[in-house]
Amino acid sequence: MASKMQHKVARTAQPARKRKSAVCATSTDVRFDDATLDEVTLDDATLEFSKPHTLVDVIIFTLMNDALHVLLVRRPERKTEPFPGLWALPGGYVNTAVDIDLLACAKRKLFEKTGLRSPYLEQLGSWGSATRDPRGWSATHAYFALVPHSDLDSDSSEGQVHASWFAANDLLPTASLAFDHEAILHAAVERLRSKVEYTSLPAFLLPEPFTLPQLQRCYEAVLGRAVDKSGFRTRMLAADFLEEVGVVESPSNRPPVGYRLKDRSAPVVFPRTFSPRAAE
């Protein structure tokens, strides 16, 4: 019995012998012959894949004339460029020399387009495929920004010749944008509108101080419809995210009270869902 046990231990102690032709790797597939997975190490195969283009696009929203607007840039007219002359969302390639992460790239692109460094930014999602860009496989990571119109820098480095603001409600039904930016824009507007029901997010579109009527019109601009005045006022004040800053200038005989956000670093989540109702 002892000799059998010693023989078994001796067999298990022997190192596994590598079999020839264990791995055959190409840029498109990895094929295992008759080797087992535990015999394959990183040294057995060198995987070489084409690297996709990595970009960040930013959907920049602002409020103009009580309407939600989005910034678009016109693609170069050169025929060698993809989608020449079409409107597109601002963005560009990740610069690995300066962008420590995707958020850093989004902030850099936002500053290049608007001159702003620290407005509200939220990651929206990622889009990627072999067909979205004729130059090759690409993936873009989209962020949306909320910017008070009064804070915008008209002398930003992008210039106004190749950039313009468009009313979102007018643009969405007929938009024909470069790449897959139409789908990204629809997703951004849908995300923003959905958050109206339970956060203070639209307030980031307003310069401070603002009045409650201005805040209500901001919510209505994002939703694209009217809301009940008395219910809106009650909900906003009960959420305790506003701070009074005194009266503001107004042609009215009774100057309205001005407000600002208690915390502008992040939106407040309401304790209960706020579902605006269409005004009767």
Open item on the list: I'm told Y198 meets every condition in (1) open to solvent by less than 60 Å² (accessible area, probe 1.4 Å); (2) of a type in the set (F, W, Y); (3) closer than 29 Å to D263 by Cα except one. Can you identify the failing condition by its number?
Closed with: (1)
Open item on the list: When the residues of region 66-88 are narrowed to those that are free of Cβ contacts under 8 Å to residues at least 40 places away in the same chain and within 21 Å of T174 (Cα to Cα), which ends up least open to solvent (accessible area, probe 1.4 Å)?
Closed with: G85
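Within region 73-85, is even one residue among the β-branched types (V, I, T) and under 19 Å from L201 (Cα atoms)? Outline the logic, then answer.
Here is the first cut: in region 73-85, the ones among the β-branched types (V, I, T) are 73, 80.
Now drop any that are not under 19 Å from L201 (Cα atoms), which leaves none.
No: zero hits.
Any residue at all in region 44-51 that is more than 24 Å from L152 (Cα to Cα), assigned to a helix (DSSP H, G or I) and not β-branched (V, I, T)?
Among the residues of region 44-51, at least one is more than 24 Å from L152 (Cα to Cα), assigned to a helix (DSSP H, G or I) and not β-branched (V, I, T), which makes the answer yes.
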Open item on the list: Among the residues of region 50-74, what is the count of those that are out of contact with any helix residue (DSSP H, G or I) (no Cβ under 8 Å at 6 or more places or on another chain) and at positive phi?
Closed with: 1
TODO: Filter region 241-271 down to the residues that are among the charged types (D, E, K, R), under 16 Å from L201 (Cβ atoms) and assigned to a loop (DSSP other than H, G, I, E, B), then identify the one that is modelled with the lowest pLDDT.
DONE: R264
TODO: May I ask you to list the residues in region 112-137 that are open to solvent by 50 Å² or more (accessible area, probe 1.4 Å) and either in contact with a strand residue (DSSP E or B) (Cβ under 6 Å, 6 or more places away or on another chain) or under 21 Å from P202 (Cα atoms) (or both)?
DONE: R117, S118, Q123, S126, W127
Task: Residue among T62, T140 that alone is over 13 Å from I184 (Cβ atoms), assigned to a strand (DSSP E or B) and open to solvent by less than 50 Å² (accessible area, probe 1.4 Å) - done: T62
TODO: Give region 231-268 a look and list any residue that's among the aliphatic types (A, V, I, L, M), buried (at least 16 other Cβ atoms within 10 Å of the Cβ) and in contact with a strand residue (DSSP E or B) (Cβ under 6 Å, 6 or more places away or on another chain), or say none.
DONE: L242
- [ ] Quick one: count up the residues across region 160-181 that are in a helix (DSSP H, G or I) and surrounded by fewer than 17 Cβ atoms within 10 Å (Cβ to Cβ).
- [x] 2
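The values are calculated or read from the model by the stated rules, or taken from the named source; none is laboratory data. A quick note: this is a predicted structure, and the numbers were derived from the prediction, not measured. Quick reminder, even Gly has a Cβ in these numbers, built from the backbone with ideal geometry, and neighbours come from all protein chains shown. Just so you know, the surface numbers come from the protein's heavy atoms only, side chains and all, with ligands and any DNA or RNA stripped out. Shrake-Rupley method; radii C 1.70, N 1.55, O 1.52, S 1.80 Å.
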